[in-house]
1. Does residue 31 count as in a helix (DSSP H, G or I), modelled with pLDDT under 70 and not assigned by TED's automatic domain parsing to the domain that holds residue 132?
2. From the list 89, 97, exactly one residue is out of contact with any helix residue (DSSP H, G or I) (no Cβ under 8 Å at 6 or more places or on another chain), loosely packed, with under 12 Cβ neighbours inside 10 Å and closer than 19 Å to residue 134 by Cβ. Which is it?
């Protein structure tokens with residue numbers, strides 16, 4: 001639905017820009033005819049139309065920025081955070097559709113385990129498009145009423161302070 005609204009908004013903006021340009025061209029043509037008849041001032045033909053064309057262009061570029069460029073940068077930033085915060089045990093999906101569980105994380109590569117035969121693949125971080133485990137954490141947090149922060153959405157472990165204390169206490173007792 002959001003894409004439909006954006007496409008209709010961009011179509012309306014393009015129509016408005018084209019209507020403005022055609023109106024300015026008609027005005028410039030009328031001014032040129034008036035000056036050739038000796039009725040107008042000594043202004044160059046089309047000078048008013050050229051200055052007036054910059055305003056719709058500026059509006060068009062502003063709309064393009066807020067509709068297309070800015071949201072894409074935000075998605076790219078979230079994807080990069082997700083790729084950098086992968087942990088062992090996360091279930092991921094690559095751009096090619098390969099689903100696997102993270103076995104080890106390197107600086108710029110990740111080793112994943114796929115299939116029932118436990119095949120291991122080494123892939124680049126940039127190839128990972130989705131962290132299924134992180135998405136499940138977000139859904140669980142929403143269902144329980146907790147608000148998921150940006151860090152949690154990037155697949156960081158979602159432990160509360162009490163759970164951390166309990167884990168630390170349990171680890172201390174085992175030692």
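1. yes
2. 97
The values are calculated or read from the model by the stated rules, or taken from the named source; none is laboratory data. Model, not experiment: these values are computed from the prediction. Positions of Cβ are generated from backbone atoms using ideal geometry, with glycine treated the same way; all protein chains shown enter the neighbour counts.
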